[in-house]
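Below is one structure, written out as structure tokens, with a few remarks after it.
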Amino acid sequence: MSRLTLSLALTLGLVSVAAPARGEGDTKAPPSPRIRWDLGARVGHAASWTTAQSFLGAGTGLAGGVTFRVPIRLELGVVYHAGTTVSAANRALLYWSRQWSMLGHAGVGYDISMFARRFVLRPRLVAAGVFVSDTTQVGAATRRGIEPVFGLGPAADILVRFGALHAGVDARALFVPSRVAAPIGGIYGVFGFER
């Protein structure tokens, strides 16, 4: 859990340092530029829709994107999921297992702004690579491995803008061809800024 806490602190720190400062007298919203870009921290939870997949769980990460005037949006991001740890021991044998994952994604979608650009809906299609790390120890023997898993599916952000800052929810559902019975669903809180 300490890796998750460190990762959360790092992502929130990056967002707060990189967020643009606004002057006290600056109350007007800036005009919409040709191309807008944004960066946001993600904090939430993802799970597989079966009980046998334990590599997800609580997660934190970053996602950034570019929105064109059209307004088509391109996005890249990565989320670290803490996964699970299982252990058991008796006098003769020790068993310990840990699974966690890194989920990198690329997405393409559309920005729908409402109420003078105060609210934003971002439906998109996401392609993701999930790198599942597994370490197992049985007695004195230890096994480590990384398994790449590909996923594809819909996602949507619902955001509220506060000047250059925004907050909201990111929900996604990924279908995994190599694990047909184990699609992935995730929901994250989003905190970020845009220019």
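Across segment 157-195, which residue is modelled with the lowest pLDDT among those that are surrounded by 14 or more Cβ atoms within 10 Å (Cβ to Cβ) and part of a loop (DSSP other than H, G, I, E, B)?
So the residue we want is A182.
Somewhere in segment 94-109, is a residue modelled with pLDDT under 90 and either within 30 Å of D38 (Cβ to Cβ) or of a type in the set (A, V, I, L, M, F, W, C) (or both)?
yes
Does segment 61-81 contain any residue that is closer than 19 Å to T136 by Cα and touching a residue at least 12 places away in the same chain (Cβ under 8 Å)? So that I can check it myself, show each step before the final result.
First, the residues of segment 61-81 that are closer than 19 Å to T136 by Cα: 81.
Narrowing the set further to residues that are touching a residue at least 12 places away in the same chain (Cβ under 8 Å) leaves 81.
Looking for residues that are closer than 19 Å to T136 by Cα and touching a residue at least 12 places away in the same chain (Cβ under 8 Å), one finds at least one in segment 61-81, hence yes.
Report those strands (runs of 3 or more DSSP E) wholly inside segment 86-152 carrying at least 3 residues which are in contact (Cβ under 8 Å) with a residue 12 or more places away in the chain and more than 25 Å from the chain's Cα centre (by Cα).
On the way: elements: 94-110, 112-114, 119-138.
The strands (runs of 3 or more DSSP E) meeting that bar are 94-110, 119-138.
Name the single residue, out of those in segment 43-80 being among the polar types (S, T, N, Q), under 20 Å from V132 (Cβ atoms) and not in a loop (DSSP other than H, G, I, E, B), that is modelled with the lowest pLDDT.
So, considering only residues that are among the polar types (S, T, N, Q), under 20 Å from V132 (Cβ atoms) and not in a loop (DSSP other than H, G, I, E, B), the one modelled with the lowest pLDDT is S48.
For segment 172-188, name all the residues that are in contact with a Gly (Cβ under 8 Å, 6 or more places away or on another chain) and of a type in the set (K, R).
Once the filter is applied, which keeps residues that are in contact with a Gly (Cβ under 8 Å, 6 or more places away or on another chain) and of a type in the set (K, R), segment 172-188 yields only R172.
What are the residues in segment 139-195 that are hydroxyl-bearing (S, T, Y) and more than 22 Å from G65 (Cα to Cα), if any? Before you say what the answer is, go through the steps one by one.
Residues of segment 139-195 hydroxyl-bearing (S, T, Y): 142, 178, 188.
Answer for segment 139-195, where residues must be hydroxyl-bearing (S, T, Y) and more than 22 Å from G65 (Cα to Cα): T142, S178.
The values are calculated or read from the model by the stated rules, or taken from the named source; none is laboratory data. Keep in mind that this is a model prediction, so the values were computed, not measured. Using ideal geometry, Cβ is built from the backbone for each residue, glycine included, and neighbour counts are taken over all protein chains shown.
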